[in-house]
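Before I ask anything, here is the structure I am working with.
The values are calculated or read from the model by the stated rules, or taken from the named source; none is laboratory data. Everything numeric in this text was worked out from a predicted model, so none of it was measured. We place every Cβ from the backbone using ideal geometry, glycine too, and count neighbours over all the protein chains shown.
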Amino acid sequence: MACAVSTEPSTPAPTTDGFDVDAAWRLHPQVAIRPERFGALLYHFGTRRLSFVKNHVLLDVVTALGRQGSARTACAAAGVSEAELPVYVTALETLAASSMICERTAP
Amino acid sequence: MTVLAQRVGPLVEEFALGLDAPICLTWELTYACNLACVHCLSSSGRRDPRELSTEECKAVIDELERMQVFYVNIGGGEPTVRADFWELVDYATAHSVGVKFSTNGVKITPEVACRLAASDYVDVQISLDGATAEVNDAVRGAGSYDTARRAMRNLADAGMRGFKISVVMTRQNVGQLDAFKAIADEHDAQLRITRLRPSGRGADTWDELHPTAEQQRELYDWLVAHGEGVLTGDSFFHLAAYGEALPGLNLCGAGRVVCLIDPVGDVYACPFAIHENFLAGNVRDDGGFTAVWRESELFADLRRPQTGGACRSCSAFDSCRGGCMAAKFFTGLPLDGPDPECVKGHGAAALAGVEAGAAPRPSLDHSHRGAPRRPVPVRLGVRPAGATATAPSCDEDPLAGFRPGP
């Protein structure tokens with residue numbers, strides 16, 4: 001995840017070609033989380049983009065990413081059922097596309 | 001993220017009720033400015049002797065860090081003329097408060113440009129109100145076009161990618177939209193256009209400068225065509241009444257998710273509402289900025305559900321929500337009625353009923369003494385003698401770059 005741009009992107013952020021739910025992920029080091037009653041605000045200081053986490057379960061998933069071996073186990077740890085998983089994977093994919101989260105193996 | 005939105009309802013509804021801390025805010029560091037733009041929303045020019053000291057500014061930054069305000073939009077006046085400007089920028093970024101600042105470019109030397117290009121946490125907006133010197137300088141003052149273009153060149157040469165070129169849309173420059181875009185592309189910069197408000201000195205010039213109804217349509221069509229490639233500070237949400245919602249957050253965030261701190265520490269609902277009616281408190285009060293944000297009666301009032309008043313029955317109400325509070329206030333219209341630039345024409349009808357001189361006047365004026373206030377010869381290419389300056393970054397919207405995400 002190259003997040004070195006110093007300004008708001010003028011073109012859409014690169015999209016991930018599918019989201020690897022079995023990979024290890026983490027919050028991008030330049031991203032701050034602010035809890036809110038609806039979920040949380042995420043702000044990326046590098047891209048200057050703001051994102052919204054619109055429920056508390058997703059917030060739990062995002063904060064669990066760094067402690068869990070994969071996105072799948074992070075979802076399970078946050079209480080996401082198998083049936084709900086696709087919805088959360090889509091949300092994580094969106095966050096990855098805007099560099100809010102990145103694979104842990106990335107430099 | 002939208003797949004998860006239904007669980008809590010539209011976020012706009014959440015934001016309308018206010019947050020415990022602003023998402024971002026505008027902070028005008030000084031009323032001093034080398035320019036004297038005829039539409040300056042803060043009537044800047046002369047420094048105010050009561051302006052916050054360096055230590056007081058740092059205390060505000062400490063509060064913003066505790067409240068997790070992600071970034072501040074710094075403006076003025078011309079903020080870079082403060083001797084401690086860079087010290088404050090460094091202090092903010094070291095305390096996890098990002099900085100975007102607006103400038104007319106006067107201090108953006110090649111050295112400063114290199115420094116800016118090297119920082120991930122500082123962003124810059126160069127104000128430009130005409131794609132040609134003739135159009136720009138009529139509003140911002142003689143020489144201001146060259147100053148801005150030099151600053152842009154310095155930033156581009158330093159490798160600063162994606163800095164902002166910030167344009168206030170006027171009757172004189174709507175026809176230059178493509179030219180503005182070309183200037184931005186040429187510098188690897190991003191175009192940002194915002195709405196002219198009848199605030200500050202803009203109260204005196206709005207009649208001559210604000211886009212015509214036909215131009216509003218032209219602007220809307222241009223925005224729809226250029227979509228996400230151009231930033232707007234979400235300031236044109238009243239145009240959503242034409243049909244298609246524009247990208248961004250269609251909501252007046254005043255006192256709910258944004259606000260203004262002025263150079264003397266006064267906290268207003270928004271940068272376009274510098275008037276005692278929208279003054280919530282001062283950061284020097286007990287409890288500081290935090291208490292003002294969380295406890296002021298004015299902000300509590302703004303966070304109550306709004307009735308919509310006369311606009312409630314309009315088919316476009318859900319998208320335009322009655323438009324801009326400040327634009328209504330300073331043109332003498334009721335706050336629960338239509339925006340003066342209502343695309344359905346209700347604003348023009350309402351304006352016809354406002355008696356001359358009945359609109360509230362801005363509360364403060366730091367204009368350079370002797371600078372002309374009215375009438376303003378905006379069509380002239382040459383500034384009157386004695387008015388060597390133009391306005392600042394008076395085009396800063398609190399929602400600058402505020403992207404609601406995918």
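Just to check your reading of the model, which residue among B:ARG201, B:ARG195, B:ARG171 is surrounded by 21 or more Cβ atoms within 10 Å (Cβ to Cβ), among the basic types (Lys, Arg) and out of contact with any strand residue (DSSP E or B) (no Cβ under 7 Å at 6 or more places or on another chain)? Quick ask: steps written out before the conclusion?
Values: B:ARG195 fails: out of contact with any strand residue (DSSP E or B) (no Cβ under 7 Å at 6 or more places or on another chain); B:ARG171 fails: surrounded by 21 or more Cβ atoms within 10 Å (Cβ to Cβ).
Selected residue: B:ARG201, the only one of B:ARG201, B:ARG195, B:ARG171 that is surrounded by 21 or more Cβ atoms within 10 Å (Cβ to Cβ), among the basic types (Lys, Arg) and out of contact with any strand residue (DSSP E or B) (no Cβ under 7 Å at 6 or more places or on another chain).
Does segment B:144-163 contain at least one residue that is within 30 Å of B:ALA245 (Cα to Cα), touching a residue at least 12 places away in the same chain (Cβ under 8 Å), touching an Asp or Glu at 6+ places or on another chain (Cβ under 8 Å) and crowded, with 23+ Cβ neighbours inside 10 Å?
Looking for residues that are within 30 Å of B:ALA245 (Cα to Cα), touching a residue at least 12 places away in the same chain (Cβ under 8 Å), touching an Asp or Glu at 6+ places or on another chain (Cβ under 8 Å) and crowded, with 23+ Cβ neighbours inside 10 Å, one finds at least one in segment B:144-163, hence yes.
Only one residue in B:PHE236, B:PHE278 is touching a Lys or Arg at 6+ places or on another chain (Cβ under 6 Å), among the aromatic types (Phe, Trp, Tyr) and surrounded by 21 or more Cβ atoms within 10 Å (Cβ to Cβ), so which one is that?
Exactly one residue qualifies, and that residue is B:PHE236.
Can you pull out every residue in segment A:48-81 that is assigned to a loop (DSSP other than H, G, I, E, B) and more than 9 Å from every other protein chain (Cβ to nearest Cβ)? Before the answer, list the steps.
Let us first name the residues in segment A:48-81 that are assigned to a loop (DSSP other than H, G, I, E, B), namely A:48, A:54-55, A:68-70, A:78-81.
A:GLN68, A:GLY69, A:SER70, A:ALA78, A:GLY79, A:VAL80, A:SER81 - these are the residues of segment A:48-81 that are assigned to a loop (DSSP other than H, G, I, E, B) and more than 9 Å from every other protein chain (Cβ to nearest Cβ).
All but one of (1) surrounded by fewer than 24 Cβ atoms within 10 Å (Cβ to Cβ); (2) at pLDDT 95 or above; (3) within 14 Å of chain A (Cβ to nearest Cβ) hold for B:GLY9, so report the exception by its number.
So B:GLY9 meets the others, but not (2).
Among the residues of segment B:80-89, are any part of a helix (DSSP H, G or I), within 14 Å of chain A (Cβ to nearest Cβ) and over 23 Å from the mean Cα position of the chain (by Cα)?
There is no residue in segment B:80-89 that is part of a helix (DSSP H, G or I), within 14 Å of chain A (Cβ to nearest Cβ) and over 23 Å from the mean Cα position of the chain (by Cα).
Quick one: which residue in B:ASP137, B:ASP178 is crowded, with 20+ Cβ neighbours inside 10 Å, more than 14 Å from chain A (Cβ to nearest Cβ) and acidic (Asp, Glu)?
Only one candidate qualifies: B:ASP137.
Return yes when B:ALA349 is assigned to a loop (DSSP other than H, G, I, E, B), free of Cβ contacts under 8 Å to residues at least 60 places away in the same chain and surrounded by fewer than 17 Cβ atoms within 10 Å (Cβ to Cβ) and no when it is not.
Here the answer is no, as B:ALA349 does not meet what is asked.
While we're looking at this one, here's another question. How do the pairs read when you match residues in segment B:315-327 that are over 16 Å from B:PRO10 (Cβ atoms) with residues anywhere that are assigned to a helix (DSSP H, G or I), using Cβ under 6 Å and keeping only pairs 6 or more apart or on different chains?
Hits for this filter: B:ALA316/B:ALA241; B:GLY322/B:CYS311; B:GLY323/B:HIS238.
Further question: Could you grab me the full set of residues in segment A:51-80 that are under 26 Å from B:LEU17 (Cβ atoms), aliphatic (A, V, I, L, M) and crowded, with 23+ Cβ neighbours inside 10 Å?
Listed by number, the residues that qualify are A:VAL53, A:LEU58, A:VAL61, A:VAL62.
Is segment B:241-249 home to any residue that is within 14 Å of chain A (Cβ to nearest Cβ), within 18 Å of the chain's Cα centre (by Cα) and either among the aliphatic types (A, V, I, L, M) or buried (at least 23 other Cβ atoms within 10 Å of the Cβ) (or both)?
yes
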